[in-house]
Amino acid sequence: MKVIAIGGVALSMSAVSKLKRLNNKIDIVVYEKGEVLSYGACGMPYFISDEIKDANRLVARTKEQFGDLGIEVKVKHEVIKVYDRSKEVEILNLETNEVFLDSYDKLIIGTGASAIVPPWKNADLKNIFKLSVYEDSIEIKKEIDKGDIKKVTVIGAGFIGLEMVEAFLTRGLDVTLIQLDPQILSIFDAELTIPIEEHLKSKGVHLLLEEKVVGFEGNTIVDKVITDKGEYETDLVLVSIGVKPNTKFLESSNIKLSKNGAVEVNQFMETNILNVYSGGDCAMIYNLALKENSYLPMGSNANKQGRVIAENISGNRFKFNGVLGTIVIKIVDMEAAMTGINEKTAIAKNIKHKAVTVTGKNHAGYYPNAQPITVKVIYEPNTFIILGAEMVGYKDTALRINVFAVSIQNEMTTNDLGYLDLAYAPPFAGVWDVIHVAVNNAK
Ligand SMILES: Cc1cc2nc3c(=O)[nH]c(=O)nc-3n(C[C@H](O)[C@H](O)[C@H](O)COP(=O)(O)OP(=O)(O)OC[C@H]3O[C@@H](n4cnc5c(N)ncnc54)[C@H](O)[C@@H]3O)c2cc1C
């Protein structure tokens with residue numbers, strides 16, 4: 001059997017590595033259009049902040065190491081078409097410009113997503129960056145390392161934008177953050193984001209909410225960001241307003257794409273075309289909380305989906321439960337997390353719900369340096385089954401969300417969780433953890 005995988009990062013490389021372990025006899029070829037593969041994209045902000053000094057530390061395995069496992073990787077090779085009837089892919093060798101065909105028995109599509117950059121005026125000026133791939137992080141860090149960059153502007157206050165705000169602050173830069181919405185982290189319920197906004201301002205970030213970027217000014221290098229409300233001097237811009245799936249090359253195939261261009265897959269990670277699988281940032285994923293497919297481009301999801309693909313290609317019928325959209329983020333000294341359905345989504349989807357919000361402490365109040373954590377829990381009003389949770393606070397906030405992820409997946413009620421035997425000692429929690437307190441307030 002011959003397997004071709006397109007894309008060489010989380011989805012494809014977790015799939016082919018597992019596949020090789022399951023069946024060493026399968027022939028595997030990976031086509032990756034970039035030069036570096038199998039790297040932790042999630043670590044790029046911490047490389048730019050210089051907390052990680054060497055970009056090679058982000059790379060899990062090299063082309064040669066995959067070669068030793070019997071996985072052939074061709075970098076600088078872009079797949080430009082999929083012929084699903086003849087089971088072939090058309091490839092452009094980006095070094096020689098040669099175009100050729102290769103045939104497969106099974107195909108894995110793991111082409112990820114790219115940052116969206118709207119057709120803003122002068123968006124092609126130098127020092128306007130996005131952060132999608134390894135090479136972007138090298139370019140941004142190189143520019144900052146020169147020492148001439150003093151003022152930076154981040155456009156978009158989602159996860160990548162906020163991690164980059166932190167990275168730029170760590171580099172001692174003056175940061176302006178521009179957000180179209182009236183709140184940062186738009187996927188959170190608005191009231192949860194207020195303490196983070198205040199925290200960013202206290203760190204000197206110029207936070208501009210409800211402002212729309214229209215373009216840039218500069219000679220060859222950007223020196224101003226223009227919005228519908230003003231003009232701001234800048235030496236460097238990072239655009240982080242969202243991502244779009246890299247699936248344009250599939251449009252001439254029969255592979256079904258969703259409205260946003262992501263590949264439609266079922267819980268076996270199969271597309272509508274037999275022997276063609278997909279996952280990661282270029283595909284949809286089953287959302288257990290909503291009981292429908294969602295677009296949730298996260299590395300945590302891609303790694304799991306890759307293994308599911310490997311199991312299914314090797315003949316073990318393996319159904320993926322799906323995900324809850326669990327996410328965590330560190331923003332300077334603060335942490336935020338969510339899982340399942342929040343109130344905003346419940347209202348938008350007309351889901352019957354109640355919500356309770358409490359603020360407690362990360363550990364016993366009498367133990368030094370106790371800090372606040374706010375927890376919001378969404379639950380079903382008749383059964384009290386937990387539907388979702390959000391948390392915002394300081395140290396030890398983020399990973400508490402995992403308790404809610406387990407509770408939601410197992411359809412636990414607020415009462416089940418309210419008396420769950422969570423660990424307690426004064427340096428770690430209160431005798432009633434803030435999680436207990438929140439769900440025990442559900443009425
Ligand atoms: C700055 C940043 C921080 C992040 N932080 C987190 C985090 O904290 N937690 C989390 O869960 N997720 C995080 N993510 C998201 C996570 O990195 C992605 O979900 C994950 O990398 C997706 O893996 P993938 O294999 O689907 O796609 P990608 O990692 O995007 O890899 C796809 C690869 O396919 C290649 N490719 C594309 N088109 C073609 C083609 N036609 N032919 C050949 N090759 C092609 C691309 O060059 C790319 O290398 C972060 C992402 C970024 C950018």
Above 42 angstrom, tally the Cα pairs of the chain and express them as a % of all pairs, no decimals.
-> 19
Kirkwood Rh in Å, taken over all unlike Cα pairs in segment 1-66 = 12.9
Non-local residues with an amide H under 5 Å from the amide H of Ile52, with H modelled 1.01 Å from N and Pro and chain starts lacking one, are Phe47
Cα centroid separation, segment 34-87 to segment 134-200 (Å) = 25
Residues whose built amide H sits under 5 Å from the amide H of Ile116, excluding neighbours closer than 5 in sequence, are Ile241, Gly242, Val243, Lys244
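If you roll a 1.4 Å probe over the heavy atoms of the protein chains, what accessible area per residue do you get for segment 321-379, in Å²?
That works out to 44 Å² for each residue.
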Would you mind working out the magnitude of the charge dipole of the chain relative to its Cα centre, with +1 at each Lys and Arg C-beta and -1 at each Asp and Glu C-beta, to the nearest 20 Debye?
-> 1020
Rank Ser12, Ser294, Ser258 by mean-square fluctuation in a GNM of the chain with C-alpha springs under 10 angstrom and give only the top-ranked residue.
-> Ser258
What percent do you get for the relative contact order of the chain when only Cα pairs under 8 Å and 6+ apart count?
-> 14
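Place the peptides 413-423, 14-24, 281-291 in order of packing, highest mean first, counting for every residue the other Cβ atoms within 10 Å and averaging per peptide.
Answer by packing, highest mean first, reads 281-291, 14-24, 413-423.
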In nm, to one decimal, how far is the modelled label at His206 from the one at Asn369, with both set 7 Å along Cα→Cβ?
-> 3.3
Straight-line reach check, Lys291, cutoff 27 Å on alpha carbons, 8 or more apart in-chain or any other chain, hits among lysines -> Lys244, Lys256, Lys259, Lys304, Lys319, Lys344, Lys349, Lys352, Lys354, Lys376, Lys443
Just name one of Leu387, Tyr419, Asn316: the one whose Cα is farthest towards the positive end of the charge dipole of the chain (beta-carbon charges, Lys/Arg +1, Asp/Glu -1).
-> Asn316
Mean Cβ-within-10 Å packing, highest first, puts peptides 332-341, 92-101, 311-320 in the order 332-341, 311-320, 92-101
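If you roll a 1.4 Å probe over the heavy atoms of the protein chains, what accessible area per residue do you get for segment 257-298, in Å²?
Accessible surface, normalised per residue, equals 40 Å².
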Would you give the gap between the C-alpha center of segment 348-381 and the C-alpha center of segment 212-281, rounded to a whole Å?
-> 33
Summarise the accessible area of the chain (1.4 Å probe, protein heavy atoms) by the percent that is carbon and sulfur.
-> 52
For every helix of n ≥ 4 consecutive DSSP H residues, a contribution of -39,500 (n - 2.57) applies; sum these over the chain, divide by its total residues, and give [θ] at 222 nm rounded to the nearest 500 deg cm²/dmol.
-> -6500 deg cm²/dmol
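The values are calculated or read from the model by the stated rules, or taken from the named source; none is laboratory data. Everything numeric in this text was worked out from a predicted model, so none of it was measured. Ideal geometry is used to build each Cβ from the backbone, glycine not excepted, and the neighbour counts take in all protein chains shown. Please note that ligands, DNA and RNA were not included when accessible areas were found on the heavy atoms of the full protein model with its side chains. Shrake-Rupley method; radii C 1.70, N 1.55, O 1.52, S 1.80 Å.
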